[in-house]
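Accompanying notes for the structure given below.
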Amino acid sequence: MEITRRKVKDLLEMTAGEEVLAKGWVRTKRGNKEIAFIALNDGSTIKNIQIVVDKNPDTEAVLAKISTGACIGVQGKLVESVGSGQAVEIRASQITVYGECDPMRFPLQKKDTSFEYLRTVAHMRPRTNTFGAILRLRSQMAFAIHEYFHSRGFVYLNTPLITASDAEGAGQMFQVTTLPLDNVPKDKKGRPDFSKDFFGKQTSLTVSGQLEGELGATALGEIYTFGPTFRAENSNTPRHLAEFWMIEPEMAFYDIQDNMDLAEDFIKHLVRYALDNCYDDVKFLNDRYDPELIERLQGVIGTRFVRLEYTEGIKILEEAVKNGVQFEYPVSWGVDLQSEHERYLVEKHFGKPVILTGYPKDIKAFYMKQNEDGKTVRAMDVLFPKIGEIIGGSEREADLRKLEARIDELGMSRRNLEWYIDTRRFGTCPHSGFGLGFERLLLFVTGMQNIRDVIPFPRTPKNAEF
Ligand code: 4AD
Ligand code: MG
């Protein structure tokens, strides 16, 4: 009779003695004439449970079907392990082979385990130790984010993925249409006739839930969104995805200082959560790839982030250039900082995370609160070691006139934004918010170098597999 299956994570914490059942995928099989050892993993932990099989004609037949990658169920007694590396192991009395795995064809072989190679078999890579660790961390971080906001009374708001507005005004939207591409209906001026489209207007996938988030915050007080975000920016970099996940809290009655305080507390909480709750996985990644990972994570928790005006940041960078530091892109007041600049400030100059504020209004979105100087806005970017920008946010322009003037100035259509402008027309209030790129957070927490390796199915220019 089959007994209840237990997860490897739980088995490893039990004391010896019980009859148990484990199911999972074989990581390795080795042994000698008398005995075989199988390392079994079921995804519940980075650790494997060792299965010990006595060899005899019956078991030999089953063992012949078992190789790396095969899926099996093992029933047997949990006993104290004599070998080092584990406290307990299973003495198999019954083995079921659910799925054999042809060693000649299985794409996850010892010979090539580079990240580049694994991206080409991304459908199989969750079976590796590394991606198991990353995907468990990703799930734990998502949970920690919900828990953080939930425990502080923020309302989880679901904002639309299909939208008719470009929140960031950057024109990097993927269009959503049911118009036949080989025969697009045209209006009198020869332009596509979107009145014939599914929604009767031009629509796209969202680049940010912020504008709808503001509708929520100015009614519910404090909200957050957490969902997929789409940007058709043709940036083939290790930090950009065309489909990424973003967390966007938006809070009534928060000024830019409150916003920075929340961002700093939030991100520290998440890093601490990873160390406290996912230590095995973090430790694995630390030991295998990035020996400074744990130190870097602890460093962020234990330090107060630098808060710096953009203008001051530019001065530091200009000074660095004078002293011989070479950047690929030039720096001067008014430019948008490149990640090389951000990383110089964070890694070389301060040696800790930096929150940069007071950016020139011309390089930031229309909704940001304008400062008295007429040149800068109350934007804030949180810059992190190894990553550069991890969070972008701002206090929002709460003044109806100023907001409308800015929309006009930028040549944007007010008509499409009337619903948004209504928040300023009717009971406007000071408010702020920010967006954390979920995969950028995961880059930091896992120590991975490439954003394609912290999302199960990456979408990047010319790549939409699976
Ligand atoms: O700085 P961004 O563009 O800000 C916004 O979208 C605001 N609406 C947020 C807000 O105030 N509510 O994006 C926010 C964050 C960035 O700091 C970065 O971490 C991440 O989203 N991000 C990306 N992550 C992966 N791939 C991309 N192409 C990304 N673009 C932005
Ligand atoms: Mg930004």
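Are there any pairs, at least 6 apart or on different chains, whose C-beta atoms fall under 7 Å, with the first in the stretch 229-252 and of a type in the set (Asp, Glu) and the second away from ligand 2 (no atom under 13 Å from the Cβ) and part of a loop (DSSP other than H, G, I, E, B), and if so, which?
That search, which allows pairs on different chains as well, returns 243/459; 248/209.
Within the stretch 123-173, can you find the residues that are part of a helix (DSSP H, G or I) and either of a type in the set (Phe, Trp, Tyr) or closer than 30 Å to residue 414 by Cα (or both)?
Of everything in the stretch 123-173, those that are part of a helix (DSSP H, G or I) and either of a type in the set (Phe, Trp, Tyr) or closer than 30 Å to residue 414 by Cα (or both) turn out to be 131, 143, 148, 149.
Any residue at all in the stretch 372-387 that is on the phi > 0 side of the Ramachandran plot and either near ligand 1 (Cβ under 10 Å from one of its atoms) or not hydrophobic (A, V, I, L, M, F, W, C) (or both)?
yes
Would you please name the residue that is farthest from residue 26 (Cα to Cα), looking only at residues in the stretch 50-63 that are without any contact (Cβ under 8 Å) to a residue 12 or more places away in the chain and in a helix (DSSP H, G or I)?
57
From (1) more than 11 Å from ligand 1 (Cβ to nearest atom); (2) in contact (Cβ under 8 Å) with a residue 24 or more places away in the chain; (3) open to solvent by 20 Å² or more (accessible area, probe 1.4 Å), pick out the condition that doesn't hold for residue 440.
(1)
Yes or no, residue by residue, for (1) open to solvent by less than 40 Å² (accessible area, probe 1.4 Å); (2) touching a Ser or Thr at 6+ places or on another chain (Cβ under 7 Å); (3) without any contact (Cβ under 8 Å) to a residue 60 or more places away in the chain; (4) of a type in the set (S, T, N, Q):
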site: 72; (1), (2), (3), (4): yes, yes, yes, no
site: 88; (1), (2), (3), (4): yes, yes, no, no
site: 111; (1), (2), (3), (4): no, no, yes, no
site: 114; (1), (2), (3), (4): no, no, yes, yes
site: 132; (1), (2), (3), (4): yes, no, no, no
site: 145; (1), (2), (3), (4): yes, no, no, no
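Return the total of residues in the stretch 434-448 being under 11 Å from residue 297 (Cβ atoms) and in contact with an Asp or Glu (Cβ under 6 Å, 6 or more places away or on another chain).
1
Are any residues in the stretch 444-454 open to solvent by 10 Å² or more (accessible area, probe 1.4 Å) and among the aliphatic types (A, V, I, L, M), and if so, which ones?
Within the stretch 444-454, just 448 meets the criteria.
Taking into account only those residues within the stretch 388-417 that are within 16 Å of ligand 2 (Cβ to nearest atom) and either more than 31 Å from the chain's Cα centre (by Cα) or open to solvent by less than 30 Å² (accessible area, probe 1.4 Å) (or both), which is farthest from residue 254 (Cα to Cα)?
Once the filter is applied, the top-ranked residue is 388.
Please count how many residues of the stretch 326-352 are assigned to a helix (DSSP H, G or I) and open to solvent by 40 Å² or more (accessible area, probe 1.4 Å).
Counting residues in the stretch 326-352 that are assigned to a helix (DSSP H, G or I) and open to solvent by 40 Å² or more (accessible area, probe 1.4 Å) gives 7.
Give the residues of the stretch 64-85 that are part of a loop (DSSP other than H, G, I, E, B) and among the small types (Gly, Ala, Ser), sorted by residue number.
Initially, the stretch 64-85 is screened for residues part of a loop (DSSP other than H, G, I, E, B), giving 64-70, 81-85.
Matches in the stretch 64-85: 64, 67, 69, 70, 81, 83, 84, 85.
The values are calculated or read from the model by the stated rules, or taken from the named source; none is laboratory data. As the structure is a computational prediction, the values presented were derived from the model and not from experiment. Heads up, the Cβs are rebuilt from the backbone with ideal geometry, glycines too, and the neighbour counts pull from every protein chain shown. With ligands, DNA and RNA removed, areas are computed over all heavy atoms of the protein, side chains included. Shrake-Rupley method; radii C 1.70, N 1.55, O 1.52, S 1.80 Å.
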